[in-house]
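So the structure is just underneath, and the comments pick up after that.
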Amino acid sequence: MTILCVRFQWPARYEADVALPGLLGLLEEFTPVVEALPPDGALADLRGAERYFGRSAVELASVIRVRALALYGVDCVIGAGPGPMLARVALRDARPGLTRAVPEDADQVREFLAEKPVAALPGVGAATARTLGEYGLDTLGRVAAAPLATLQRLVGAKAGRELREKASGIDRGRVVPNAVSRSLAAERPFERDELDPDRHRRALLSAAGELGARLRAVEKVCRTLTLTVRYADRSSTTRSRTLKEPTAHSAALTRTAYSLYETLGLQRARVRAIVLRAEALGPADQASYQLTLDAADEKIRRIEEVADRVRAKFGPGAVIPGALAA
């Protein structure tokens, strides 16, 4: 067992941008090979640490958990496996105080995966899972047993091959060290657990507007938007989407945020906080854009530029959407 997938469960008073870098530093005390998974997770490759400390990855996971609680007051759930994909799948079964480990034996790995739903695989979205389910391929065991040609016909040549490999327990992934600073987050906690979808959407509008303004201020664009919804029982749901083109346009970020929220299908969910994160940042002057002849869109962008100048002079609350002023 060499890879850990850690998800931190910090209290509502914590801000993700403040808490996550310190917790990543804690992991880096054990290994320099740490990949941030904003807003609340990370992968850590402990191959060298196992030899150095003379302890298994599961034993080191217990030490990491204790230190996170002692130094930051943050509990965590941890999955362990021979590779990043298997560690992330194991995380779904993990509980606070108990590390869920995937066996290293190939037959045991296949047995571990066999009864899990297709959506348990990282990178398999709702649309792909629904397509496979329509043909009776609703578990990883059935996907692994299906003919390769069938999978490729359903989801494409490359995706079908990768899907079959992952369902069979073949994990070719690796932990890629990155910097949490390659993302920006805006968190909107509620004073009370909030049931009203309209208030959820207003929080998304506010967060998307903040992210857009911050991206434009540093002349960056983002390629991916991630939504995390934290509930009253301290559980959370995260959805990500790659944008059609890199952007710092608040209206585009808001549309994507609303779309991500709709995919959750929340019905009277008691929401404690909403976190919106812009990821895969890059320089705005190096991004490519689809040309448009839409006069309305150009007008909105010009208004956005003026609003940015007004906020820079008079403060972030000088110009806000009408929905937030009510």
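Sorted on the mean count of surrounding Cβ atoms within 10 Å across their residues, most packed first, peptides 143-149, 252-258, 225-231 read 225-231, 252-258, 143-149. Overall, the accessible surface of the chain at a probe of 1.4 angstrom is composed of carbon and sulfur to the extent of 51 percent. In units of the rule-of-thumb radius 2.2 N^0.38 Å, region 102-225 shows an alpha carbon radius of gyration of 1.46. Each peptide in 186-195, 84-93 receives the mean, over its residues, of other Cβ atoms within 10 Å, and ordering these scores from highest gives 84-93, 186-195.
What's the angle, to the nearest 10 degrees (0 to 90), between helix 197-217's Cα axis and the longest principal axis of the chain? It is inclined by approximately 80 degrees.
What translational diffusion coefficient, to the nearest whole µm²/s, does region 85-168 have by Stokes-Einstein, given a Kirkwood radius computed over alpha-carbon pairs, a temperature of 25 °C and 0.890 mPa s viscosity? For the chosen part, D equals 188 µm²/s. Highest GNM mean-square fluctuation, the chain, Cα pairs closer than 10 Å: which of 162, 50, 29? Sorting by GNM fluctuation, first place goes to 29.
Here the alpha carbons of region 1-158 define both size measures, Rg and Dmax, at 17.4, 52 Å. Label-to-label distance, residue 75 versus residue 235, with points set 7 angstrom from Cα along the beta-carbon direction: 1.4 nm. Placing +1 on the Cβ of every Lys and Arg and -1 on the Cβ of every Asp and Glu, with no other charges, gives the chain a dipole of roughly 340 debye about its Cα centre.
Any chance you could list P(r) for region 152-209, counting all Cα-Cα pairs in 5 angstrom bins from zero, rounded to whole %? Calculated over all Cα pairs of region 152-209, the distribution is 4, 13, 13, 9, 7, 8, 13, 21, 11, 1 percent.
Treat region 156-256 as a sphere of radius equal to its Kirkwood radius over Cα pairs and apply Stokes-Einstein at 20 °C in a medium of 1.002 mPa s; give the translational diffusion coefficient in µm²/s, rounded to a whole number. Stokes-Einstein gives a translational diffusion coefficient of 131 µm²/s. The structure-derived value of percent of Cα pairs over 32 Å apart appears in the list (i) 23; (ii) 36; (iii) 26 under the label (ii). Sorting the segments 260-267, 35-42 by their mean number of nearby beta carbons within 10 angstrom, highest to lowest, gives 35-42, 260-267. Averaged over its residues, region 143-206 has an accessible area of 59 Å² per residue, based on protein heavy atoms and a 1.4 Å probe. Rounded to the nearest Å, what's the spacing between the alpha carbon centres of region 153-192 and region 44-86? Just the number, please. Centre-to-centre distance over Cα atoms comes out at 20 Å.
Computed from Cα atoms, the angle from the helix 250-264 axis to the main principal axis of the chain rounds to 40 degrees. In the chain, helical runs assigned H by DSSP with n ≥ 4 each contribute -39500 (n - 2.57); averaged across all residues and rounded to the nearest 500, the mean residue ellipticity at 222 nm is -13500 deg cm²/dmol. The lysine pair count for the chain, using Cα distances under 26 Å and pairs eight or more places apart or on different chains, is 9.
The values are calculated or read from the model by the stated rules, or taken from the named source; none is laboratory data. Because the structure is a prediction, the values reported are computed rather than measured. When we count neighbours, we look across all protein chains shown, and the Cβ atoms used for this are built from the backbone with ideal geometry, even at glycine. Please note that ligands, DNA and RNA were not included when accessible areas were found on the heavy atoms of the full protein model with its side chains. Shrake-Rupley method; radii C 1.70, N 1.55, O 1.52, S 1.80 Å.
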